[in-house]
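Structure record follows, encoded as structure tokens.
The values are calculated or read from the model by the stated rules, or taken from the named source; none is laboratory data. Here the structure is a predicted model, which means the values were calculated and not measured. Glycine also receives a Cβ, built like all others from the backbone with ideal geometry; neighbour counts cover every protein chain displayed. Ligands, DNA and RNA are stripped out before the accessible areas are found, and what is left, the full protein with its side chains, is counted by its heavy atoms. Shrake-Rupley method; radii C 1.70, N 1.55, O 1.52, S 1.80 Å.
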Amino acid sequence: QLHNYSNKWGHDDLYLNATYEFRNYFSINGLIRADNTPEFDKGKFMLYPAISLNVNLREMLLPKSDIISTLCLEAGYGRSGKEENTSAGFLTDFVSEVQYPISKEAEPYHDGLFRLATGELNAGVRIGFISDRVLIGLKYYNRNNEDTFNLYSTGAINNGIWNYTERRLIQTRTDKILNAGYEIDFNAEIDDETLSEAEFEAYHGKTAVLR
């Protein structure tokens, strides 16, 4: 017995990017991306905006300083995302908590669609001394990740025989991970001839998982 099964898959992307810079004092960049996947949100476009700002305080306040070579404020906000199909062999473990049972025999007749959306707000300052031989950076960040998983069935068992049917949504599961904290980094050039340098990074943050 032969079966004919087909699945329509489509994905559209739109991008818009713009940058404005005033002398060497500040610059601002904006980006917006729109994704359309018919399998998600009934074909509605998902928007992923991003904006970043850089203010050169040294050029504005200390243009003739021989000690401070870099002093700037940086801030930004952005969202990004990706979508992918999960392999059939991964489904049983991945959806182990769902109410719908999937046996090993029926597993190949299911598939999943996975979306990861990430958003981040950050702000910080960078300061450099003596032609940036010493660089110090401090940044605050607030991130959130949202995982959405759609589980689909592509058939049904009838009289002990699997029959292909229209692809239908069985369940949607969403998890959110929130993370906020501070990062500090330090870089110093010790010797030009040997190109030796010292680096130090540290961070402190808190994470919460919502389901």
What are the pairs, 6+ residues apart or on separate chains, where a residue within region 117-146 that is free of Cβ contacts under 8 Å to residues at least 12 places away in the same chain has its Cβ under 9 Å from a residue that is outside any strand (DSSP E or B) and not basic (Lys, Arg)? none
Which members of region 165-180 meet the condition of being closer than 18 Å to Leu121 by Cβ and either among the hydrophobic types (A, V, I, L, M, F, W, C) or in contact with a Phe, Trp or Tyr (Cβ under 6 Å, 6 or more places away or on another chain) (or both)? Ile177, Leu178, Ala180
When the residues of region 85-96 are filtered to those that are open to solvent by less than 60 Å² (accessible area, probe 1.4 Å) and among the polar types (S, T, N, Q), which remaining residue is modelled with the lowest pLDDT? Thr92
Does region 64-84 contain at least one residue that is assigned to a helix (DSSP H, G or I), open to solvent by 60 Å² or more (accessible area, probe 1.4 Å), closer than 24 Å to Arg143 by Cα and modelled with pLDDT of 60 or more? no
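Does Tyr182 meet the test of being open to solvent by less than 30 Å² (accessible area, probe 1.4 Å), part of a strand (DSSP E or B), at pLDDT 80 or above and farther than 30 Å from Lys64 by Cβ?
Here the answer is no, as Tyr182 does not meet what is asked.
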